[in-house]
1. Tally up the residues in region 45-84 that are closer than 18 Å to residue 29 by Cβ and assigned to a loop (DSSP other than H, G, I, E, B), please.
2. Please find, among 7, 40, the residue that is outside any loop (DSSP other than H, G, I, E, B) and surrounded by 10 or more Cβ atoms within 10 Å (Cβ to Cβ).
3. Restricting attention to region 11-29, does a residue exist that is surrounded by 10 or more Cβ atoms within 10 Å (Cβ to Cβ) and over 17 Å from the mean Cα position of the chain (by Cα)?
4. Among the residues of region 1-25, which ones are closer than 18 Å to residue 81 by Cα and touching a helix residue (DSSP H, G or I) at 6+ places or on another chain (Cβ under 8 Å)?
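Any read-out appearing in this document is the output of simple, stated calculations on the displayed coordinates, not a laboratory observation. Given the structure is predicted, the values throughout are model-derived calculations rather than measurements. Here the Cβ is made from the backbone with ideal geometry for all residues, glycine too, and neighbour counts use every protein chain on show.
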C-alpha cells in the first residue's frame, strides 16, 4: 500500500489503516479469516494443498453470499465493476 495516496487520487476510494492489535477495526478481514478456518486450520501449511484445492476454496469463498455486500457474492460485485 505504498501508493495509497495515488490510489485515492485515481479512484476516489479512501484508504484506511487500522491500528495494530485492534481486530474490531478490520471486521471484513476478521470475518474472512473465520471463513477460511472452515477449510484450513490456523497455521496450516499451504504447501500440503494442491493449487486446485486452494482454487476450490477461493471459489467457494468468492461465490458465497455476504450480508456486507447486500447478499451478493464477491464475484457478483466484482463483475459489476469489471463491466464498467
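1. Qualifying residue count, region 45-84: 2.
2. 7
3. no
4. The answer is 13, 14.
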